[in-house]
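Here is the structure we will look at, set down as structure tokens.
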Amino acid sequence: MIRLKVWANDNALGWFGHEAGEYFFQYDPEWLQSDLKFVISPQFSLRPEPFKGDAVKTFFANLLPEGAALDEIMQSLQMRNASSFEMIGRLGAELPGVLSITPDGPFQFQHQSACES
């Protein structure tokens, strides 16, 4: 399993990751108990069980820039064939808005066919 920590400003909101080629998002238990809690998206209600599948992949991929801007960034980082998960792992700390996504421990930026975009 590979996962990335999802932050709302300075608060740990949950985890975005993949296991056996399937994407998942799961709220952090402390976030679910927090007075500051909110849903990351209407499709991801506040619950302890993980959300899985294409909706998760699509939501997080949509946080990235699109088109020529993304192409230029990927070229400058030498990540032309990277999966969306790898791109989020690399760029997630600098996303616009309240969310940021950071590696959970050592994160290898290598092409992984099980999670291609």
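Please treat every number below as a calculation from the coordinates, not as lab data. The model shown is predicted, which means the values in this text are computed figures rather than measured ones. Using ideal geometry, Cβ is built from the backbone for each residue, glycine included, and neighbour counts are taken over all protein chains shown.
Structure notes:
- DSSP-assigned coil residues among GluC sites (Glu not before Pro) in the range 4-107, each with at most 14 further Cβ atoms within 10 Å: E66
- Fewest neighbouring Cβ atoms within 10 Å first, the residues I2, I88 line up as I2, I88.
- Among the chymotrypsin sites (Phe, Trp or Tyr not before Pro) found in the range 14-91, those both in a DSSP coil and sparsely packed, with 13 or fewer other Cβ atoms within 10 Å of their Cβ, are F38.
- Estimated [θ] at 222 nm from DSSP helical runs (n ≥ 4, -39500 (n - 2.57)) normalised by residues in the chain, nearest 500: -7000 deg cm²/dmol
- When you work out D = kT/(6 pi eta Rh) for the range 2-115 at 25 °C and 0.890 mPa s, using the Kirkwood radius from C-alpha pairs as Rh and the Stokes-Einstein form, the result is 169 µm²/s.
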